[in-house]
Every structure is written in structure tokens, then in C-alpha cells.
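Here the structure comes first, spelled out in C-alpha cells, and everything after it is commentary.
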Amino acid sequence: MSVPTEWSSAAVPAIEIRDLSTRFGDVVIHRDINLEVPPGQMLGLVGGSGSGKTTLLREIVGLLAPSAGMVKLFGHAVLDADPQRRRMVRRRFGMLFQQGALFSALSVFDNIAFPLRELRLLDEALIRDLVLLKLAMVELEPRHSRLMPAELSGGMVKRVALARALSLEPELLVLDEPTAGLDPDRSENFIKLLTTLQKELGFTVVMVTHDRPTLLGLATRLAVLADHRIVACGTMDEVLAVEHPFIHNFFGSGHAAAAMGQGVS
Amino acid sequence: MAVASIETVHRANSLQVQLAGDWTLATLPQPISRFEARLRELASREAAWDLLSIARLDSAAAVVLWRSWGRRWPASLALSGEHRLLLERVEAIPADLPARPSERLGWLLVPGRLALAAVDNLAGMVALVGQMVLDVGHLCAHPRDIPWREFSANLYKSGAQALPVTALIGFLIGIVLSYLSALQLKTFGADVFIVNLLGISIVRELGPVLVAVLVAGRSGSAMTAQLGVMRVTEEIDALATMGVSRSLRLVLPKIIALAVAMPLLVVWCSAAGIVGGMIAARLQMDLSYGFFIDTLPRVVPVANLWIGMSKGLVFGMLIGLVACHFGLRVKPNTESLSSQTTTSVVTSITVAILVDAVFAIMTRSFGIPL
């Protein structure tokens with residue numbers, strides 16, 4: 001019997017950002033950002049509007065090249081020059097876009113099956129089983145798989161998009177405003193769903209959100225983006241201990257936020 | 001990452017299978033079908049399964065395992081709690097998707113569906129025309145509401161900006177037509193009749209039809225796509241909530257602009273065609289420009305020009321109507337946008353040519369010199 005070797009990636013951070021700077025023309029967005037996210041962590045990225053949260057997220061997934069510095073996922077550069085290696089890295093994370101970004105010409109089933117079919121390794125019967133499994137994971141019923149994206153409600157769009165993001169068994173899930181556009185009730189359900197799935201599948205999560213309940217419900221750690229850099233990074237209490245006008249405004253007085261955190265958890 | 005591995009141990013008269021390593025989509029040996037066949041073969045021998053050494057099990061590998069077990073739990077199985085949870089999820093996958101409604105005689109439905117769609121489209125178009133008439137009535141009573149800006153923008157986009165391309169096409173067609181006819185006419189010694197031939201065919205027939213095809217492809221498609229995208233992004237709804245009539249502000253200016261621009265484009269395109277023909281006749285048959293220009297008004301009665309322009313007017317309104325009708329029917333998805341745009345262009349070209357045939361029959365006694 002072969003002894004199971006320790007999963008090698010466990011020691012490598014899921015996300016590693018080194019000296020990252022971003023400039024659009026003369027406008028500086030980020031200046032020398034350093035950030036490390038160990039596997040299994042749920043990191044919430046917060047910052048005022050225009051502080052470059054979404055830009056940073058786009059740089060993490062390789063949709064945008066930073067002006068300087070680099071982003072590594074699982075120890076590999078996202079923007080590797082070798083297309084083969086780049087594809088390998090991209091297969092290891094899933095992204096949930098703010099509006100879902102479902103392919104409107106494809107049914108729910110085909111949307112979730114799309115990344116699996118792109119692998120060109122699996123037969124249709126296996127893909128069918130996997131799609132139905134993902135649908136069940138996000139608490140949708142098999143009959144929903146025939147619907148087109150235009151026929152779905154906002155909450156269902158998010159669930160289908162989550163199922164699609166999870167279809168390749170990602171080790172990292174990137175969420176852009178996961179609960180934007182959902183009513184508080186649905187948003188709470190969606191947070192519960194995400195936490196359950198995270199416990200079960202053990203993926204790392206990075207998210208950008210404005211919604212305080214989402215942040216307190218999901219994130220185990222926070223990174224605060226202000227003044228072109230990360231001013232605080234750590235657990236809720238550690239972040240609250242940092243004196244910064246944005247943190248003060250965003251979380252209000254420390255006591256209220258702590259009470260809120262306890263209420264949610 | 002460790003590759004998924006299978007170890008078999010024969011013990012007494014039973015077979016024990018130990019699975020180890022990472023069982024994930026990325027680490028399963030390829031091709032998966034052969035790997036699965038091996039597992040299935042082991043399952044058929046009533047083996048005892050030991051999954052305790054698996055480091056990571058993801059749903060893809062779980063589905064592969066479950067299928068190889070023949071979709072049931074093996075008699076002897078050792079595994080951790082979380083892996084059991086995952087396999088239980090796999091067990092809950094329904095065996096088949098809910099069937100689509102049966103379509104065995106589906107082909108019988110096709111003509112009926114087409115007829116219904118045609119009636120539906122026709123009704124929509126009639127409603128749109130009715131709305132236009134009401135809008136024009138409203139504008140006559142309230143001239144302040146006339147959407148001058150939109151009208152002039154559309155006139156510029158579908159009229160002025162179409163001038164170069166219509167001139168080019170008309171000019172080239174004129175050359176081709178003149179060149180081909182000259183070859184035929186020469187053999188009969190009827191060179192001078194080139195003026196009659198070109199004049200009548202271009203002014204009366206080719207000019208309007210060419211412009212109709214060009215405008216349908218150029219402006220008709222743009223109008224459908226624009227209205228379609230405005231539907232997708234809810235801009236039309238936003239207009240409605242501000243109390244702005246979509247027919248008055250979006251549809252009417254487009255139709256009127258095309259109705260004004262098309263006759264002028266027809267004259268412009270016909271002129272370019274005649275110039276092209278004249279140049280080709282000069283090169284091919286040494287027919288002087290002076291003779292051509294002198295003869296043209298005598299052999300082509302002015303009625304032909306009026307017929308050509310009224311065709312332009314009617315085609316323009318039809319193209320605008322068809323484009324707006326299909327644009328407003330776009331559903332909020334990309335597929336619908338592309339199919340409605342295609343239908344819009346195909347329909348407007350077909351309708352223009354159909355109406356052209358009607359024109360040919362109705363005006364057969366006008367404008368032909370005897």
C-alpha cells in the first residue's frame with residue numbers, strides 16, 4: 001500500500017501577492033500591496049468605493065495585468081507566459097461574477113456542463129451526473145436544469161453561477177459581491193449555503209463585498225484596502241484595533257461591530 | 001499532488017481493494033473510462049473496499065466510484081465520515097432527467113407554428129402601424145412634441161452616412177450593366193439603345209431595389225439591434241417610467257427618417273448608376289457623353305423617376321417598420337438578439353422585393369415610351 005503523501009499545496013499559500021502596484025495613466029490605484037492567503041481561509045476584501053477592490057480581484061484572477069509586482073496562485077504565477085501552465089492555474093479556481101455572467105444562450109444544464117465539457121476528458125453520462133450533483137449542492141432541483149438564464153430569478157442566477165464556478169472542483173473560489181441584488185432573506189440563505197459548501201469541500205474563498213452581514217457571516221479574516229494599500233489585515237478584532245478613518249466609518253464604533261459579529265456567528 | 005492509486009490484496013478467499021492518494025478530477029488517471037473499467041472489474045468480484053487512505057475525494061471521483069459500483073453500496077466498505085457524506089450526495093442524484101414533453105409528431109406542428117408566428121408578426125406589425133397613425137395624429141395636435149432631434153439623428157445615420165456606399169454600388173452596377181448590354185446590342189447594330197436600356201432599368205428598377213437591400217442591411221439591422229439592446233438593458237422601460245412614449249421617441253423617428261432618406265438615396269444611387277453606365281458606354285462603344293445626356297430625357301419619361309422615388313418611400317417605411325417590430329420583440333438574451341436581427345434583415349429584404357413585384361404589375365402602363 002502506498003502511503004498517502006502530504007498534499008503538497010497545503011504548505012503553499014493559495015494566494016500570494018508580492019509588491020503589486022496598479023496605475024491607470026497617472027492615477028495610482030494600488031501601491032506595493034503584499035497579501036498572503038493560506039488555503040482554507042475565507043478572506044473578505046473591504047474598502048471604500050473607488051479604492052480598487054474589484055481591480056485587485058481582477059488582478060488575482062488574471063483578467064488584468066498589474067503595472068508592477070505579481071500574483072501567484074498555489075505557487076504559480078497567474079499570468080504565466082506559458083499558455084499550458086496558465087490554463088492549469090485557471091482550472092484551479094472558480095469565479096462568481098456579480099451579475100452571474102451565465103451564458104444566456106445556454107440552458108442551466110449546459111451552463112454548468114460547459115467547463116466540464118471544455119476539459120474534453122469526461123463522457124456525457126459522467127457530465128450529466130456531475131451537473132445534477134452540483135445542482136443538488138446549490139439546492140436546486142433537476143427540473144431547473146432545463147430553464148434558460150432569462151427565466152431565472154436573481155437568487156437562482158447566483159446559485160447556478162455558483163454551481164458553474166464549483167463545477168471543476170476549484171481549490172479557490174473568488175466572489176465579487178456575492179449577495180448584491182438579493183433580499184436579506186435570500187442573501188442569508190446564500191451565505192449559509194456558501195459556508196456549508198466551504199466546510200464540506202474545503203476551498204479557499206476571497207470575496208469583495210459592501211454588505212456587512214455577508215462579511216460578518218462569511219469571512220474569517222478581513223483585509224482593508226484604503227489609501228492605495230492594505231491598511232489592516234487579520235481577524236475582525238485585529239482589524240478593529242487599527243486606527244484608520246475608513247475602518248472607523250465602515251464598522252462604526254468597535255463595540256457595535258463586535259456585538260454584530262457575535263450575533264451572526 | 002499524489003495520483004489516485006488502487007492496491008489489491010488477496011486474503012484467504014476474499015479480495016481487498018485499498019484506494020489511496022488524491023481522488024480528484026485533476027489526479028484521476030487518464031483516460032477515465034479505462035480507469036473506471038478497472039474499478040468496475042474489481043467491483044464485479046465482490047471485493048471489500050477500503051477508502052480510508054484516500055487523502056482527498058472530490059465529487060467527480062465520487063461519481064466515478066459510484067458508477068463503477070453499479071450505483072449501489074458495496075457489501076463491505078470502510079471509509080471516513082465526510083467521504084460517506086459525499087457518496088450519499090452522489091447516491092441522491094436522480095437516475096434520469098425529467099423528460100422533455102414528447103415530440104414524436106413534432107414535424108406536424110411545424111407548419112402550424114410557422115403560421116401562428118406569421119399571424120403573430122402580422123398582428124404586431126398592424127398594431128405598430130396603428131400606433132404610428134395615432135402618434136402622427138397626436139403630433140398634429142401637439143406640434144411641440146415632434147421629436148426633431150431623433151428624426152435628424154436618424155436621417156443623418158441612415159441617409160447621409162449611406163451616401164458613399166450607395167454611390168459606389170450604383171456606379172459599379174451601372175458599369176457592369178452597360179458593359180454587358182453593349183456586347184449584346186453591338187451584334188444587332190443597336191448601340192444607341194443603350195441609353196433607353198440603362199435609363200429605364202436603373203431609374204425604375206435597380207436603383208430602388210439596390211438601395212432597399214443596402215439600407216435593410218445597413219440601417220435596418222442597426223435599428224433592430226439598438227432597440228433589442230435597449231430592451232435587454234431595460235432602457236426602454238426606463239423611458240416608459242419617465243413618461244416618454246417609446247413609439248413616439250424611438251419608432252416613429254426611425255420610420256419617418258427612412259421614408260424621407262430612401263427616395264433621396266434612390267435618386268442618388270440611380271444617378272451614380274447612370275454615370276457608371278455612361279462611362280462604360282463611352283469606353284466600350286465610343287458613345288459621347290453629350291449624346292448620352294441629350295438622349296436620356298427623351299427616352300426615359302419622367303414618370304420613371306416618380307415611380308422609383310415612390311418605391312423608395314414605400315420600401316423605406318417598410319424597412320423601418322420591420323426593423324422596429326423585430327427590435328421590440330427581442331427577449332433579454334444574446335440568442336434572441338442575434339436571431340431577431342437576422343429575421344429582421346431577411347424579412348425586410350423579402351418584403352421589399354415582394355412589394356417591388358406588386359409595383360411592377362400596378363405601374364405597367366406608366367412611363368414606358370412606345
Requested in this report: Being more than 10 Å from chain A (Cβ to nearest Cβ) and of a type in the set (D, E, K, R) is the filter; apply it to segment B:1-44 and report the residue that is surrounded by the most Cβ atoms within 10 Å (Cβ to Cβ).
Outcome: B:40
Query raised in the report: Does residue B:64 satisfy being at the interface with another protein chain (Cβ under 10 Å from one of its Cβ atoms) and open to solvent by less than 10 Å² (accessible area, probe 1.4 Å)?
Result: yes
Query - Leading residue by the ranking (surrounded by the most Cβ atoms within 10 Å (Cβ to Cβ)) among those in segment B:340-367 that are closer than 11 Å to residue B:323 by Cβ and of a type in the set (Ser, Thr, Tyr) - result: B:348
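Okay, residues lined up against (1) more than 21 Å from residue B:61 (Cβ to Cβ); (2) modelled with pLDDT under 85:
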| position | (1), (2) |
| --- | --- |
| A:75 | yes, yes |
| A:100 | yes, yes |
| A:109 | yes, no |
| A:120 | no, yes |
| A:130 | no, no |
| A:134 | no, no |
| A:138 | no, yes |
| A:163 | no, no |
Query raised in the report: Do we have residue B:260 as open to solvent by 20 Å² or more (accessible area, probe 1.4 Å) and closer than 15 Å to residue B:155 by Cβ here?
Result: yes
Query raised in the report: Taking segment A:131-168 as the region of interest, how many residues are touching a strand residue (DSSP E or B) at 6+ places or on another chain (Cβ under 8 Å) and either of a type in the set (Ser, Thr, Tyr) or within 12 Å of chain B (Cβ to nearest Cβ) (or both)?
Result: 3
Report summary line: Residue pairs qualifying under the 6 Å Cβ cut-off, at least six apart or on distinct chains, with the first in segment B:103-114 being touching a residue at least 12 places away in the same chain (Cβ under 8 Å) and the second being assigned to a helix (DSSP H, G or I) and among the aromatic types (Phe, Trp, Tyr), are none
Query raised in the report: Taking only pairs six or more apart or across chains, which ones have beta-carbon atoms under 9 Å, a first residue in segment B:256-276 that is within 28 Å of residue B:291 (Cβ to Cβ), and a second residue that is basic (Lys, Arg)?
Result: B:266/B:311; B:270/B:204
Query - Only one of B:47, B:75 that is more than 14 Å from chain A (Cβ to nearest Cβ), touching a residue at least 12 places away in the same chain (Cβ under 8 Å), more than 30 Å from residue A:117 (Cβ to Cβ) and surrounded by 18 or more Cβ atoms within 10 Å (Cβ to Cβ) - result: B:47
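Matching residues to (1) within 18 Å of the chain's Cα centre (by Cα); (2) more than 10 Å from chain B (Cβ to nearest Cβ):
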| residue | (1), (2) |
| --- | --- |
| A:94 | yes, yes |
| A:98 | yes, yes |
| A:117 | no, yes |
| A:121 | no, no |
| A:129 | no, no |
Requested in this report: Would you confirm whether any residue within segment A:70-86 is in a helix (DSSP H, G or I), among the hydrophobic types (A, V, I, L, M, F, W, C), within 12 Å of chain B (Cβ to nearest Cβ) and in contact with a helix residue (DSSP H, G or I) (Cβ under 7 Å, 6 or more places away or on another chain)?
Outcome: no
Query raised in the report: Does residue B:127 count as of a type in the set (A, V, I, L, M), touching a strand residue (DSSP E or B) at 6+ places or on another chain (Cβ under 6 Å) and either surrounded by 11 or more Cβ atoms within 10 Å (Cβ to Cβ) or at pLDDT 80 or above (or both)?
Result: no
Query raised in the report: If residue B:171 satisfies every condition in (1) of a type in the set (A, V, I, L, M, F, W, C); (2) open to solvent by 60 Å² or more (accessible area, probe 1.4 Å); (3) at pLDDT below 95 but one, which is the exception?
Result: (3)
Query - Check on residue B:199, part of a loop (DSSP other than H, G, I, E, B) and either in contact (Cβ under 8 Å) with a residue 40 or more places away in the chain or open to solvent by 30 Å² or more (accessible area, probe 1.4 Å) (or both) - result: no
Query raised in the report: Hey, does segment B:71-89 have a residue that's in a helix (DSSP H, G or I) and aromatic (Phe, Trp, Tyr)?
Result: no
Query raised in the report: Taking residue B:69, is it surrounded by 13 or more Cβ atoms within 10 Å (Cβ to Cβ), within 54 Å of the chain's Cα centre (by Cα) and more than 12 Å from chain A (Cβ to nearest Cβ)?
Result: yes
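Of all residues in segment A:185-197, how many are within 13 Å of another protein chain (Cβ to nearest Cβ) and modelled with pLDDT of 85 or more?
Going through segment A:185-197, the residues within 13 Å of another protein chain (Cβ to nearest Cβ) turn out to be A:196-197.
Now restrict to residues that are modelled with pLDDT of 85 or more: none.
Residues flagged as within 13 Å of another protein chain (Cβ to nearest Cβ) and modelled with pLDDT of 85 or more within segment A:185-197 amount to 0.
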**Report entry** Any hit, segment B:296-311, residues being of a type in the set (Gly, Ala, Ser) and surrounded by fewer than 20 Cβ atoms within 10 Å (Cβ to Cβ)
**Finding:** yes
Query raised in the report: Given the conditions (1) in contact with a strand residue (DSSP E or B) (Cβ under 6 Å, 6 or more places away or on another chain); (2) part of a helix (DSSP H, G or I), which single one is not true for residue A:66?
Result: (2)
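The rows are residues; the columns are (1) farther than 21 Å from residue B:329 by Cα; (2) small (Gly, Ala, Ser); (3) open to solvent by 40 Å² or more (accessible area, probe 1.4 Å); (4) outside the structural domain of residue B:252 (by TED's automatic domain parsing).
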site: B:107; (1), (2), (3), (4): yes, no, yes, yes
site: B:115; (1), (2), (3), (4): no, yes, yes, yes
site: B:136; (1), (2), (3), (4): yes, no, yes, no
site: B:162; (1), (2), (3), (4): yes, yes, no, no
Report task. Need at least 3 residues that are in contact (Cβ under 8 Å) with a residue 24 or more places away in the chain and β-branched (Val, Ile, Thr) per element, so show me which strands (runs of 3 or more DSSP E) inside segment A:124-230 make the cut, counting only ones lying wholly within it. Result -> A:204-208
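The values are calculated or read from the model by the stated rules, or taken from the named source; none is laboratory data. The structure presented is a predicted model; accordingly, all values stated were derived computationally and were not measured. In this analysis, Cβ positions are derived from the backbone assuming ideal geometry, glycine residues included, and neighbour counts consider all displayed protein chains. The accessibility values were calculated without ligands, DNA or RNA, using every heavy atom of the protein model including side chains. Shrake-Rupley method; radii C 1.70, N 1.55, O 1.52, S 1.80 Å.
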